[in-house]
Amino acid sequence: MSIATARVGSNIAFIKYWGVADATLNIPLSNSISMTLADAHTTTTVAWDEIGALENDAFVLDGVAQSPARSQRLTRHLDILRGLAGVTWRARVTSENNFPTASGIASSASGFAALTVAGCAALGLELDATRLSAIARRSSGSASRSLFGGFVEWAQGSSDADSVAFPLYGPEHWDLRDLVAVVSGAEKKLSSADGHLLAKSSPLLDGRIAHVNGWLAETRRALAERDIQRLGPVIELDALAMHSVMMTSSPSLLYWQPGTLDVLQAVRRWREEEGLAVYFTIDAGPNVHLICAAESAPEVETRLAALRSVERVIVSGPGRGPQLLDEHLI
Ligand code: PMV
């Protein structure tokens with residue numbers, strides 16, 4: 001068997017990817033910018049069955065064998081890798097997240113990036129990070145950004161080859177923290193893959209897209225200057241703009257729970273009344289990501305833990321890019 005194992009960090013988007021120009025290739029409607037996370041990662045082993053003993057791909061996630069229905073997205077991604085290598089081998093895939101599912105941390109980003117890195121390495125395909133980013137993007141847009149560490153931009157592009165992520169700064173550039181306030185562990189009713197298809201039905205989509213280039217520029221500037229007071233307002237604005245698009249699509253996507261709003265109000269209170277430099281962003285779910293400088297993180301964590309609507313807090317700093325490991329999960 002040809003086997004390889006990769007560990008890849010998830011990422012939190014500061015300027016979001018929402019909506020697709022091309023749904024088959026996952027070409028987005030704009031660039032996006034994220035921070036790769038050090039402390040929320042997926043480890044994946046891919047073992048290709050060269051002798052043909054396996055009839056189907058076999059997928060174990062966090063210790064649980066997945067049904068063919070739950071393995072469909074994985075099999076489709078492996079089909080892309082098989083196509084690249086010109087093989088028909090099935091694969092045994094074992095994957096572990098070091099963060100709880102439904103925690104509001106995107107497991108599809110680190111999951112598809114790790115599957116791409118391990119799967120290609122096990123096939124002996126020597127591809128650079130840019131090429132791997134394009135491959136990961138096919139199954140999860142945000143996965144394209146996890147191919148690089150630190151602060152990363154995904155260029156919209158217009159084709160499979162040029163819609164890829166690139167690094168802006170390494171993880172050492174700025175010691176930021178992402179504190180995820182988990183307010184509900186409920187599974188999403190609609191996957192983000194389906195959500196992207198609905199974006200165009202929102203009357204507010206054009207407004208967001210018309211402004212997003214300015215917000216990207218502001219985010220790049222804030223990162224260059226390591227200025228949380230510049231970064232914070234623009235990431236809040238974009239998260240609220242994305243959720244406005246979600247809420248006004250048909251059908252309407254309302255990801256927020258009462259606890260979501262509780263945390264948003266608390267963040268604004270801490271900032272406006274007490275001068276704590278902490279800002280929020282929210283992905284396709286109810287949990288809230290609080291972004292602040294490392295030195296403010298203990299204070300933010302204590303305050304979050306004291307809120308009744310917060311079930312748990314997960315903290316992560318900026319992390320490095322994918323690693324290939326010598327120890328396998330299989
Ligand atoms: O990569 P997907 O299809 O899971 O979409 C990710 C969408 C958001 O997390 C809401 C935004 C983003 O850019 O990560």
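Okay, here's what the table says:
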quantity: Fraction in percent of alpha-carbon pairs per bin - 10 Å, the chain; calculated: 6, 27, 35, 23, 8, 1, 0
quantity: Diffusion constant of segment 1-48 at 4 °C, which comes from Stokes-Einstein with the Kirkwood Cα-pair radius and 1.567 mPa s, µm²/s; calculated: 99 µm²/s
quantity: Accessible area (Å², per residue) of segment 2-173, counting only protein heavy atoms and a probe of 1.4 Å; calculated: 36 Å²
quantity: Whether segment 185-226 is rounded, prolate or oblate, judged on the alpha carbon gyration tensor where a/c under 1.5 counts as rounded; calculated: oblate
quantity: Convex hull volume per residue for segment 2-173, taking Cα atoms only, in Å³; calculated: 111 Å³
quantity: The chain: angle of helix 72-85 to the longest principal axis, Cα-based, in degrees nearest 10; calculated: 60 degrees
quantity: Residue-normalised accessible area of segment 176-316, expressed per residue, 1.4 Å probe, Å²; calculated: 46 Å²
quantity: Acute angle (nearest 10 degrees) that the helix 107-122 long axis makes with the longest principal axis of the chain, alpha-carbon atoms; calculated: 30 degrees
quantity: Carbon + sulfur, % of accessible area of the chain - ligands and nucleic acids excluded, 1.4 Å; calculated: 50 percent
quantity: Accessible area in the full protein assembly, largest first, 1.4 Å probe, for M247, M35; calculated: M247, M35
quantity: Shape category assigned to segment 176-316 from the gyration tensor of Cα positions, a/c cut at 1.5; calculated: oblate
quantity: Dipole of the chain, positive end: most advanced residue of F112, L197, N287 [Cβ charges, Cα centre]; calculated: L197
quantity: Degrees separating the helix 228-247 axis from the principal Cα axis of the chain, which is the longest one; calculated: 70 degrees
quantity: Net dipole in debye of the chain [+1 Lys, Arg Cβ; -1 Asp, Glu Cβ; about Cα centre; nearest 20]; calculated: 580 debye
quantity: Over segment 187-330, relative contact order from alpha-carbon pairs under 8 Å, at least 6 apart, %; calculated: 20 percent
quantity: The chain, relative contact order in percent, only Cα pairs under 8 angstrom and at least six apart counted; calculated: 26 percent
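The values are calculated or read from the model by the stated rules, or taken from the named source; none is laboratory data. Small disclaimer: the values here were computed from a predicted structure and weren't measured. Note that each Cβ is placed from the backbone with ideal geometry, even for glycine, and that neighbours are counted across all protein chains shown. With ligands, DNA and RNA removed, areas are computed over all heavy atoms of the protein, side chains included. Shrake-Rupley method; radii C 1.70, N 1.55, O 1.52, S 1.80 Å.
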